[in-house]
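A.B. asks: Dumping the structure here so I can ask a few things about it.
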């Protein structure tokens, strides 16, 4: 288990009821070292103010969340998605976030292979803009239960395939235990990801047993069936030295007193990560 | 698309509100050719009576559903699961069902690799009993969203691995589009499954967009994002000549007038399978 909180990062959406300024103060006071900023947390206070809040805090900005959603039947909609991603890259740069996480999207009216082709094409057309802004892009493979609309990239193997096909230092992968824990090829695909210098981010939480909602019932580490320390050991064996990012969407936890929830996050991080 | 209903089989759970005798009459009247019997449908009328109902009908009994659930922390519980599976094999034989479908199970308190080992061990210890009763066993890989408790076998690749390791003509695989549609290796794994004579059953339905419930919101063919005709073409190219089994768990459809629902099943089968 981690001996301290120096590699703990929390996503703003994890404590969704808190505005950015409150989240920043609370995380820092709890000893959290990093923050990943969701777009709504930044835009709801305005980007300039969000930048000031982040600059004034000791927290390291780890990533900006989330771009992507490339596939669409319509060429115009795909172009619109690229514009939106360019804007997200600009926002990430404004906030000092070195990484934009990509939830790549899927279009249920077309074959997954076509969606994957559009994803690769979309990412490739963002590389120049990302490079000139100093923002890296991380493909996040999502659990297969999201393959209809959220991500045609469902395994780390697929993410590795695409990242290696793109083959650019601006483009890598975010590994999230929630999406990938079930895959018997996970250890070897993590090793492959690290070996190709594509392992850009590591997200943690847990899979509750039972899970009551396909999106909004994630658990704290130790609360479910994912062996987070084991997967973290694979990630670190693959050379990853970045943050362990707690990203939890949970109606139950959002309904809690968020100070208590943050205390549970740091406890769970020390005991079960 | 299918030109007639001669390969259409319906699972009794699909029309759960109907008792076995009603289901048998309605399916036959609608031109359905096969029936897969869920245990509760048989035991609620008694096995002897269920056998009479099935013998008196023109429907072919395609499979008995469902055994499995092998993994457990406790050796005693694993032995109990084997006893239960032997009883299910007996029941399948009584009903004239040539195949028992296995939902293999998972134990969230242990690594998936250990659950998979227990699954293989469990199936192997059933082979003699299955053989002497003339009942084949079909491993059904389940969607990764069920990897916590329902199945540590989440892909057709894993099912192929286990079936080939067991390597016995009594043991094969049930391919269900709902569980496997998202997998970019599906076509090649179906080909591998057929090549090794392990393709024993083919289940169809659709993945609704959005899906409101992780278990009980399956759709009719054509209603979601699964390309059923394409996957059926792969299954047939792999040599499969058996039934297309409609297996739908749906609170919405169970709440419908079941005669109307059955008409929608045969329509969807003709138009979107």
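The values are calculated or read from the model by the stated rules, or taken from the named source; none is laboratory data. Given the structure is predicted, the values throughout are model-derived calculations rather than measurements. Note that we place each Cβ from the backbone using ideal geometry, even for glycine, and neighbour counts take in every protein chain shown.
A.B. asks: Give the residues of the stretch B:9-25 that are outside any helix (DSSP H, G or I) and more than 14 Å from the chain's Cα centre (by Cα), sorted by residue number.
C.D. replies: Hits for the stretch B:9-25 are B:16, B:17, B:18, B:19.
A.B. asks: So is residue B:28 closer than 30 Å to residue B:147 by Cα, surrounded by fewer than 22 Cβ atoms within 10 Å (Cβ to Cβ) and more than 18 Å from the chain's Cα centre (by Cα) or not?
C.D. replies: no
A.B. asks: Follow-up question, since we're still on this one. Just to be sure I understand, how many residues within the stretch B:144-165 are assigned to a loop (DSSP other than H, G, I, E, B) and in contact with a strand residue (DSSP E or B) (Cβ under 8 Å, 6 or more places away or on another chain)?
C.D. replies: 4
A.B. asks: Just to be sure, is residue A:190 under 21 Å from residue A:98 (Cα atoms) and in contact with a strand residue (DSSP E or B) (Cβ under 9 Å, 6 or more places away or on another chain)?
C.D. replies: Here the answer is no, as residue A:190 does not meet what is asked.
A.B. asks: Right, something else. Only one residue in B:159, B:130, B:147 is more than 24 Å from residue B:108 (Cβ to Cβ), buried (at least 18 other Cβ atoms within 10 Å of the Cβ) and in contact (Cβ under 8 Å) with a residue 12 or more places away in the chain, so which one is that?
C.D. replies: One residue alone meets the criteria, B:130.
A.B. asks: If I filter the stretch B:51-62 for residues that are surrounded by 13 or more Cβ atoms within 10 Å (Cβ to Cβ) and within 15 Å of the chain's Cα centre (by Cα), do I get at least one hit?
C.D. replies: yes
A.B. asks: Can I ask one more? So for the stretch A:103-125 (the condition being closer than 20 Å to residue A:40 by Cα, out of contact with any helix residue (DSSP H, G or I) (no Cβ under 7 Å at 6 or more places or on another chain), at pLDDT 95 or above and more than 14 Å from every other protein chain (Cβ to nearest Cβ)), does at least one residue qualify?
C.D. replies: Looking through the stretch A:103-125, at least one residue is closer than 20 Å to residue A:40 by Cα, out of contact with any helix residue (DSSP H, G or I) (no Cβ under 7 Å at 6 or more places or on another chain), at pLDDT 95 or above and more than 14 Å from every other protein chain (Cβ to nearest Cβ).
A.B. asks: Could you tell me whether the stretch A:71-79 includes any residue that is buried (at least 23 other Cβ atoms within 10 Å of the Cβ), part of a loop (DSSP other than H, G, I, E, B) and either within 14 Å of chain B (Cβ to nearest Cβ) or touching a helix residue (DSSP H, G or I) at 6+ places or on another chain (Cβ under 8 Å) (or both)?
C.D. replies: Yes - at least one qualifying residue is present in the stretch A:71-79.
A.B. asks: Could you give every pair whose Cβ atoms fall below 8 Å, whose first residue belongs to the stretch B:167-188 and is more than 10 Å from chain A (Cβ to nearest Cβ) and free of Cβ contacts under 8 Å to residues at least 12 places away in the same chain, and whose second residue is buried (at least 22 other Cβ atoms within 10 Å of the Cβ) and in a loop (DSSP other than H, G, I, E, B), counting only separations of at least 6 or pairs across chains?
C.D. replies: If the second residue must be buried (at least 22 other Cβ atoms within 10 Å of the Cβ) and in a loop (DSSP other than H, G, I, E, B), no pairs are left.
A.B. asks: Could you please find all residues in the stretch B:83-128 being in a strand (DSSP E or B) and within 17 Å of residue B:73 (Cβ to Cβ)?
C.D. replies: B:105, the sole residue that qualifies.
A.B. asks: Do we have any residue at all in the stretch B:228-246 that's surrounded by fewer than 21 Cβ atoms within 10 Å (Cβ to Cβ), more than 17 Å from the chain's Cα centre (by Cα) and more than 23 Å from residue B:6 (Cβ to Cβ)?
C.D. replies: Within the stretch B:228-246, none of the residues are surrounded by fewer than 21 Cβ atoms within 10 Å (Cβ to Cβ), more than 17 Å from the chain's Cα centre (by Cα) and more than 23 Å from residue B:6 (Cβ to Cβ).
A.B. asks: Follow-up. How many residues does the stretch B:203-252 hold that are over 15 Å from residue B:268 (Cα atoms), away from chain A (no Cβ under 12 Å) and in contact (Cβ under 8 Å) with a residue 12 or more places away in the chain?
C.D. replies: 13
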